[in-house]
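Input: a single structure, listed below in structure tokens.
Only the coordinates and a few stated rules stand behind these numbers; no lab work does. Fair warning: this is a prediction, and the values are worked out from it, not measured in the lab. Note that we place each Cβ from the backbone using ideal geometry, even for glycine, and neighbour counts take in every protein chain shown.
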Amino acid sequence: MNKKDLFSRQNEETERLRKKFGDLLKGVRGTIEVGPGWIPLLEDLLGRLAELSTTEEPIEITCIKEKFAGLRVYLEAFESLDEVSTAILLAEIESYSTCELCGATEEVATCSIEGWLKTYCAACTKEEDGKPTKRIPVTLTRGLTTKVIKAG
Ligand SMILES: [Zn+2]
């Protein structure tokens, strides 16, 4: 997928989510910086958070982005955090085994690509001429997400 297609798809999808989850997302400043491959897991998470949000205690998301190769979702201070933070953590864990670009779950690795940590599948890290890009698999040590990744 070339960069232009990627960003236009990302914008379409995040605009769709903003319409669908208006109340949850009205506090999000700036763009939702998540590649198209993670939209399904983000949409599931937003669905879950919409269920947990109440009139007395509305959930207000302030930021959704990719950071250090994983999905991050930040909220305004919230009292009943348990179920909410579990839902967010599960989506974060899932993001480490889902290609951020195409959503594949096979041959996915967290890699250093040109100095950026990204979670991409093998196919998405090929250059347009079919050669693999410089892709250095890394092992993250973050609780449940720790895994050993073979060189791709
Ligand atoms: Zn991919």
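Listed here are the pairs 19/65; 65/126; 65/118; which of them are more than 21 Å apart at the Cα?
On the way: 19/65 18 Å; 65/126 24 Å; 65/118 12 Å.
Where the Cα-Cα span goes over 21 Å, the pairs concerned are 65/126.
Note on residue 63 and residue 90: their simple-model spin labels are 2.5 nm apart, each label 7 Å out from Cα toward Cβ.
Note that the range 10-15 has calculated 3J(HN,Hα) couplings of 4, 5, 4, 5, 6, 5 Hz, one per residue in order, obtained from phi through the Karplus relation 6.51 cos²θ - 1.76 cosθ + 1.60 (θ = phi - 60°); glycine and proline are x. The GluC sites (Glu not before Pro) of the range 1-107 meeting both criteria, a DSSP state outside H, G, I, E and B (loop) and at most 13 other C-beta atoms within 10 angstrom of the site's C-beta, are 56, 76, 79, 106. Site pair residue 55 and residue 33 shows an inter-label distance of 3.8 nm when each label is modelled 7 Å from Cα along Cα→Cβ.
Here the spin labels are modelled as points 7 Å beyond Cα on the Cα-Cβ line, and at residue 12 and residue 43 they lie 1.2 nm apart.
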